[in-house]
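Trainee: The structure follows.
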């Protein structure tokens, strides 16, 4: 769709795909970037927006978000998820298949795509189910799902414990360069565990989840990748041992990548405090040593992407004893602000952070976004990385309010979001 040309000027331009950072402007025409750089200062036929020195970068691409529609629209709809995403600077969402019905056939994939086009102000890329009904027993028709528009294949929060099924999926996906995204958590080792196994869990009197629940599954998957040659992405890793496994796999040249939840970068098990159920997550929040290891792995490139792990839950599933509460937290709207803590603390640079939030996800998924260069889609965000605020969950645009950052002091707010050349969010001054 054609829109009026827009010129962003007086911006701090950051292209995470190249690491380039400079002062300048961006000219947008017909939904794409027509020109970018220090020389872009005026265009007679364009609406001009003065960025006032704020950062202008590609929109974020979130590789892991649960959206309730279809089947659980009371938790989140495509419309409400899009509004939350736009306010947080996320211009593309990869939605999980664990809906009702499950996204394991082409008709449901088509429904989500059409529904998203009609109701969401950001791009939604559905991931198809890896196995039928997410049961882990029989491989889904991933070739047909890919033709229908599935961007990758995963069983969402469920792990495929049957190694033969995983081997077949990796082999089949390899033949058309499909991407397998896997939740690395052995359910048998998780057992009745509800938080990270260790001293803090013992003090709270809660059953723990050992790190081996993650590392055993990850080790198995890496060996199957070596056997099959299929492209593999570990959805979220959370501990130092997993970092070493991924680092070794990459050193061998295997086609593997991995992500980390913003929760495991910004929080640790001590934040659970007095049984705060909004911090009951999967994978669980780990020891501070593991959190530091994840930050170091992000800085050196072992960890490829940061995800929100957006998983809205209603009051009935969270206002329960900790051991009975559902896993999950909302995160689309707070992803960038929480991640900027790593920049403010000096652990990584802003271009490095944006690479993990936009350029690298685009590369892994084969999307044209994540770049601030001529000809790229005009999926852009303008944000002030230093703007302080205190999060009030009541102001979140998600239907569910189960954020782990309620009342947290955060820095960095998105002031404008553009998708395909159309401004979909503008933050109003207080």
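Trainee: By count of other Cβ within 10 Å, fewest leading, how are 345, 398, 308 ordered?
Mentor: 345, 398, 308
Trainee: As a test of the formula, what do you get for the chain when each DSSP H run with n ≥ 4 contributes -39,500 (n - 2.57) and the sum is divided by the residue count, at 222 nm and rounded to the nearest 500 deg cm²/dmol?
Mentor: -8500 deg cm²/dmol
Trainee: Please report how far the C-alpha centroid of the stretch 75-128 lies from that of the stretch 287-323, rounded to the nearest whole angstrom.
Mentor: Cα centres, the stretch 75-128 to the stretch 287-323: 21 Å.
Trainee: How far is helix 335-344 tilted, in degrees, relative to the longest principal axis of the Cα atoms in the chain, given as a value from 0 to 90 rounded to the nearest 10?
Mentor: For 335-344 against the chain, the angle is about 80 degrees.
Trainee: Want the number for residue 429 to residue 73: 0.36 nm per residue separation, take away the alpha-carbon distance, what's left?
Mentor: Gain in length upon complete extension: 125.1 nm.
Trainee: Determine the gain in length on full extension of the stretch residue 387-residue 137; use 0.36 nm per residue of separation and subtract their C-alpha separation, reporting nm with one decimal.
Mentor: 85.1 nm
Trainee: Say each of residue 227 and residue 199 gets a label point 7 Å from the Cα, pointing the same way as Cα to Cβ; how far apart are those two points in nm?
Mentor: So the label points at residue 227 and residue 199 sit 4.0 nm apart.
Trainee: If you average the alpha carbon positions of the stretch 347-364 and of the stretch 36-70, how far apart do those two centres end up, in angstrom?
Mentor: Centre-to-centre (Cα) distance: 15 Å.
Trainee: Could you tell me which of rounded, prolate or oblate describes the stretch 173-307, using a ≥ b ≥ c as the square roots of the eigenvalues of the alpha-carbon gyration tensor, with rounded for a/c under 1.5 and, failing that, prolate when a/b is larger than b/c and oblate otherwise?
Mentor: prolate
Trainee: Right, here's the next one. So for 6, 109, fewest C-beta neighbours within 10 Å to most, what's the order?
Mentor: Starting with the residue having the fewest Cβ neighbours, the order is 6, 109.
Trainee: Which part of the stretch 141-159 falls in the paramagnetic zone of residue 100, meaning amide N under 20 Å from the point 7 Å along Cα-to-beta-carbon?
Mentor: From the stretch 141-159, the list is 155-159.
Trainee: What FRET efficiency would be calculated for the residue pair residue 275, residue 299, taking the C-beta separation as r and a Förster radius of 22 Å, to the nearest 0.05?
Mentor: Efficiency, rounded to the nearest 0.05: 0.10.
Trainee: Listed highest first by mean packing, meaning other Cβ atoms within 10 Å per residue, what order do 68-74, 140-146 come in?
Mentor: 140-146, 68-74
Trainee: To continue, here is another question. Just want the ordering: 316, 296, from fewest to most Cβ atoms lying within 10 Å of their own Cβ.
Mentor: 316, 296
Trainee: By its C-alpha gyration tensor, with a ≥ b ≥ c as the square roots of the eigenvalues, how is the stretch 59-365 shaped: rounded for a/c under 1.5, else prolate for a/b larger than b/c, else oblate?
Mentor: Rounded, because the longest to shortest axis ratio a/c is under 1.5.
Trainee: Hey, with R₀ at 25 Å, roughly what FRET efficiency would residue 188 and residue 319 work out to, going by the Cβ-Cβ distance, to 0.05?
Mentor: Computed FRET efficiency for residue 188 and residue 319: 0.30.
Trainee: Using a/c under 1.5 as the rounded threshold, could you call the stretch 310-414 rounded, prolate or oblate? The axes a ≥ b ≥ c are square roots of the C-alpha gyration tensor eigenvalues, and prolate needs a/b larger than b/c, oblate otherwise.
Mentor: prolate
Trainee: Using the alpha-carbon atoms, what tilt in degrees (0 to 90, nearest 10) does helix 288-300 show relative to the longest principal axis of the chain?
Mentor: Relative to the chain, helix 288-300 is tipped by roughly 50 degrees.
Trainee: Same structure, new question: Going by alpha carbons, how many degrees (0 to 90, nearest 10) lie between the helix axis of 163-174 and the longest principal axis of the chain?
Mentor: That works out to roughly 30 degrees.
Trainee: Please work out how much length the chain gains when fully extended from residue 47 to residue 32, using 0.36 nm per residue of separation minus the C-alpha to C-alpha distance, in nm with one decimal.
Mentor: Value of the extension gain: 3.9 nm.
Trainee: Once you compute Rg and the Kirkwood Rh from C-alpha atoms, what is the Rg to Rh ratio for the stretch 197-241?
Mentor: 1.16
Only the coordinates and a few stated rules stand behind these numbers; no lab work does. Quick caveat: nothing in here was measured; it's all calculated off a predicted structure. Cβ atoms come from the backbone with ideal geometry, glycine included; neighbour counts cover every protein chain shown.
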